[in-house]
Amino acid sequence: MTIKAKPVLKDRFWIVEDNGEKIGTMSLNEDRYMFASPIETCFFDNKRQIKKKFTQFIWGDEETKPITEEKYLVQGYPTSVKPYNEMYDVKRKLPLFTKSEKSKSLYCAGYYVIRFDKGWVKSFCPKLITIERYETHGPYKTELEMRQELSRVNK
C-alpha cells in the first residue's frame, strides 16, 4: 500500500492516491495539513505526523529526487560520478579526476565558490580550467561549508 500525494497547487493542495486510485485530498491551511476523504477528515501539524499515520506516504515532489545518490570520493572530497585517473595537485592542493579512462578533461572533486563577472556562485566538481581562469575558494568537503564561504564572500 503506497499512498502518494500528487501536487495540484504547489505546496498548498494535493490529490492523495492509493496505488493510483484517488482516496482523498490534502491541503495546507496556515500551518496545518488537512486530509479529507469520504471516510474521515484528519488534521496534522507537520509532515512527520502524516507519515506516522500513513506509513508508505510519498509526497509528489519527492519522486523527482533520487532515492539513493551514490557518492564517490577523490582524496576525501565528494564527486557525483565514478572517478577515473585520480590525482592530487600538491602545488594548488586540488583533488583531480577524469570522468572516463581516456578523457583529457580534468575535474576538481568537492564543492567550490567561484567568482565570475556577475558575482560569486557555488559549484560542485568544476573543471580544472575553470578553477585556473577565475578566483575561487575551495575545495570543501560538504555543501554546508561551501554555503558558509559563499555567504562570507558575498558580504
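Tabulated data
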| quantity | calculated |
| --- | --- |
| Global geometry of segment 3-62, whether rounded, prolate or oblate, following the gyration tensor of its Cα atoms and the 1.5 cut on a/c | rounded |
| Percentage relative contact order, the chain, counting C-alpha pairs under 8 Å, at least six apart | 13 |
| Nonlocal amide H pairs with Gly110, under 5 Å, H built at 1.01 Å | Cys125 |
| Alpha-carbon Rg/Rh ratio, for the chain, with Rh computed the Kirkwood way | 1.18 |
| Semi-axis lengths, Å, segment 72-153, gyration tensor of Cα atoms, sqrt of 5 times eigenvalues | 21, 14, 10 |
| Pairwise centroid distance, computed over Cα atoms, of segment 1-51 with segment 74-107, Å | 45 |
| Nearby lysines by direct alpha-carbon distance to Lys93 (threshold 27 angstrom, same-chain neighbours under 8 apart not counted) | Lys71, Lys82, Lys102, Lys104, Lys118, Lys122, Lys127, Lys141, Lys155 |
| 13 Å cut-off, amide nitrogen to a point 7 angstrom out along Asp89 Cα→Cβ, residues in segment 132-147 | 132-139 |
| MRE, 222 nm, helices only [DSSP H, n ≥ 4, -39500 (n - 2.57), over the chain, to nearest 500] | -4000 deg cm²/dmol |
| Acute angle (nearest 10 degrees) that the helix 143-153 long axis makes with the longest principal axis of the chain, alpha-carbon atoms | 70 |
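Read the figures in this text as sums done on the coordinates, not as results from a lab. Remember, it's a predicted structure, so these values are computed and weren't measured experimentally. Cβ sites come from the backbone with ideal geometry, for glycine too, and all protein chains shown count toward neighbours.
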